[in-house]
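Please treat every number below as a calculation from the coordinates, not as lab data. Here the structure is a predicted model, which means the values were calculated and not measured. Neighbour counts run over all protein chains shown; Cβ positions are idealised from the backbone, glycine included.
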């Protein structure tokens, strides 16, 4: 990070003054996987009361437009190897805005506490004495499995589901219990694992997971441009190679139920939503 960014902060004028008795609040809000219809009612209410919305880059304009027109929008987009703001800058920003008496919505893709760094932001608010409330969101794994018609748990083929990340801090390989993840009859969901697909597949097979285990790759879950690839653990590398957007890798016997095209029921629900 360049030295001149070390203490960078976006400044807004508060509406209630700066004394602690007049501080605002920070809301950590899950924006869901992308489809605005998957927002919770509580998330919608928080957005409508926002003075400032600090949002991830993948949050759609359709969701951002639910905030008041006068609310300030600040993108803190994170992409692999490209961050517009470092995490400590985001933490300071949230605290500073709340201390100016503003209602701050930190709008995060999916759920704030599922690989969303929401825990770090919560800790920063608590350390500063700023009230911080959390609104859960639909995490991408739920949307991806639902749209594909493949349950993450199934009485006959998946008695457990585990969420893991494909990347650890500083780009290192995550320290995972591969032997445990390689056991049959469970579902493993890998977030941020697209570029690491060859290593992940190799680790799982090396630990004993059958190469023929069904697998599913979903890019842009719940969005109009969602892409679904039904494959196997052995074919995971090839399936992931042609994708570049945010994607999930899902491995497990229950993925044998996955459909590459949208189920008729999902299309019917989408049609009803369009007519409403």
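The convex hull around the C-alpha trace of the range 82-173, projected and averaged over every direction, spans 8.3 square nanometres. In percent, rounded to a whole number, the relative contact order of the range 140-257 is 32, using alpha-carbon pairs under 8 Å and six or more apart.
Dividing the alpha-carbon radius of gyration of the range 37-138 by the rule-of-thumb value 2.2 N^0.38 Å gives 1.00.
Is the shape of the range 133-225 best called rounded, prolate or oblate, per the rule: a/c under 1.5 gives rounded, else a/b larger than b/c gives prolate, else oblate, with a ≥ b ≥ c the square roots of the Cα gyration tensor eigenvalues? Since a/c reaches 1.5 but b/c is at least a/b, the shape of the range 133-225 is classed as oblate.
Computed across the range 19-67, the Kirkwood hydrodynamic radius from all distinct Cα-Cα pairs reaches 11.7 Å.
Highest-first packing order for the peptide set 23-31, 124-132 is 23-31, 124-132, based on the mean count of other beta carbon atoms within 10 Å.
What number, in percent, do you get for the relative contact order of the range 42-97 if the mean sequence gap of Cα pairs under 8 Å and at least 6 apart is divided by its residue count?
Once divided by the residue count of the range 42-97, the mean separation gives 32 percent.
Computed from the C-beta positions of residue 41 and residue 179 and an R0 of 51 Å, the FRET efficiency is 0.75 to the nearest 0.05.
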